Each structure stands twice: as structure tokens, then as C-alpha cells.
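Below: one structure, written as C-alpha cells.
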Amino acid sequence: ESTPAARRPLPSQAPQDKEERRLIRDACMAVVATAGWAAALAYPAASLLALANGANDICNSVGTAVGAGALTMRQALVLGCIAEAIGAVTIGPFVAQSIASGQIHVAAFAGSPRTFVLLMLSSLLGAGISTLLATLYGAPISATHGIVSGIVTVALLSGTHGALDLGGIGFTPLRW
């Protein structure tokens, strides 16, 4: 006899056994099945965050070299694009895993996939808009900190019992 997802214990870390992996897979499939409308909004929101983060990283990486005259704007953009692409391909998956596996319990949203979708969409939009605005105004910002704090804040405001992985959240700053 299977136990409803809402009564199952939540995984405290990355899934270790088949049951935990199945529970997370089922929760993700429920999100995809019931919230297809969100894809139309999620792609532009993720693109906004990627654009804002890339712009911020380029400014931080080569701004001084351009300002000092060591690189032209064109050289800086070409080198920056190459470095961003290499960084995204080589360490991007590790950063994504770090963010995804230690902030919230996905299984807590198995009974309310729309809440989970809105949580992620709100976090993407909030991090993208704040990173873009901070970059435009020259303020220091971290898109990673923005997305993590957005996920934590919206999870708290969702009222979903057991949504936050407090151990993972406490460990996140040590990874940075």
C-alpha cells in the first residue's frame, strides 16, 4: 500500500534511494503535467536572468581592462562571451545542482504543483529583474544570491509545510 506523498518523510539531502528519487520524479512530472502554461512564462524569465547575469559578469570581469585601455570594447565582449560559455559548460551544472539540491524539498509541493511553479517563476523573475537593474545602475549584486534568496523567501511565503531544507540553507553560504 502506497502512502500519500504529503505523509511521506521529506528527504533531507539529495535523494539517496529509489523511493526518494521516485517521489521527486513524480512531483516534477506533476508540475509538468499541470502547469504547462508556465513554460510560456518560464523561458523568457530564465532568459532574462541569463542575460542579466551575463551582463553583470562581463562588467565585473573585463570592465577594468576596458577602462584602463588594455582591451577594446569589442575584444572584451568576445573574450567575455568565450569565458562565460566555458564557465557555463564546465562548472554551470555544479552551481545549478548546488542551488537546486539544498534550498527546498521539492516533494513538499507534490500536492500543489502550481504553487511550486509559481515559486520558481517568481524567483526567476525577481532575480532577473533585480540583477538587471543593479547592473544597469552599477550596483554590486550576485544573481546566485538573488535566486537562492528568492527561492527561500517565496517558499516561506507559500505556507507549504516542510518546504524549506533548513540544513541545506545553512550549508549554502559555506559552498560560496
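Would you check if there is a residue in region 88-102 being open to solvent by less than 50 Å² (accessible area, probe 1.4 Å), polar (S, T, N, Q) and within 25 Å of residue 157 (Cβ to Cβ)?
If we filter region 88-102 for residues that are open to solvent by less than 50 Å² (accessible area, probe 1.4 Å), which is where we start, we get 92, 98-99, 101-102.
Subset that is polar (S, T, N, Q): 98, 101.
Applying the additional criterion that residues be within 25 Å of residue 157 (Cβ to Cβ) yields 98, 101.
Yes, because at least one residue in region 88-102 is open to solvent by less than 50 Å² (accessible area, probe 1.4 Å), polar (S, T, N, Q) and within 25 Å of residue 157 (Cβ to Cβ).
Can you find a residue that is over 17 Å from the mean Cα position of the chain (by Cα) and either more than 27 Å from residue 27 (Cβ to Cβ) or loosely packed, with under 12 Cβ neighbours inside 10 Å (or both) anywhere in region 140-148? Steps first, please.
So in region 140-148, the residues over 17 Å from the mean Cα position of the chain (by Cα) come out as 140.
Now restrict to residues that are either more than 27 Å from residue 27 (Cβ to Cβ) or loosely packed, with under 12 Cβ neighbours inside 10 Å (or both): 140.
Yes, some residue in region 140-148 is over 17 Å from the mean Cα position of the chain (by Cα) and either more than 27 Å from residue 27 (Cβ to Cβ) or loosely packed, with under 12 Cβ neighbours inside 10 Å (or both).
Being open to solvent by 20 Å² or more (accessible area, probe 1.4 Å), in contact with a His (Cβ under 9 Å, 6 or more places away or on another chain) and touching a residue at least 12 places away in the same chain (Cβ under 8 Å) is the requirement here; does residue 124 meet it?
Values: open to solvent by 20 Å² or more (accessible area, probe 1.4 Å): yes; in contact with a His (Cβ under 9 Å, 6 or more places away or on another chain): no; touching a residue at least 12 places away in the same chain (Cβ under 8 Å): yes.
The answer is no for residue 124.
Which of (1) in contact (Cβ under 8 Å) with a residue 12 or more places away in the chain; (2) under 13 Å from the mean Cα position of the chain (by Cα) does residue 168 not meet, given it meets every other one?
It is condition (2) that residue 168 fails.
Go through region 120-139 and report how many residues are within 11 Å of the chain's Cα centre (by Cα) and among the aliphatic types (A, V, I, L, M).
5
Give the residues of region 56-80 that are among the aliphatic types (A, V, I, L, M), under 25 Å from residue 127 (Cβ atoms) and surrounded by fewer than 16 Cβ atoms within 10 Å (Cβ to Cβ), sorted by residue number.
77
Residues are listed down the side, and each one gets a yes or a no for (1) at pLDDT below 65; (2) in a helix (DSSP H, G or I); (3) out of contact with any strand residue (DSSP E or B) (no Cβ under 9 Å at 6 or more places or on another chain); (4) not aliphatic (A, V, I, L, M):
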residue: 1; (1), (2), (3), (4): yes, no, yes, yes
residue: 14; (1), (2), (3), (4): yes, no, yes, no
residue: 24; (1), (2), (3), (4): no, yes, yes, no
residue: 28; (1), (2), (3), (4): no, yes, yes, yes
residue: 44; (1), (2), (3), (4): no, yes, yes, yes
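The values are calculated or read from the model by the stated rules, or taken from the named source; none is laboratory data. From a predicted model like this one, the values you see are computed outputs, not experimental measurements. Don't worry about glycine lacking a Cβ; one is built from the backbone with ideal geometry, like all the others, and counts go over all protein chains shown. Remember, those area values only see protein heavy atoms, side chains included, never the ligands or the DNA or RNA. Shrake-Rupley method; radii C 1.70, N 1.55, O 1.52, S 1.80 Å.
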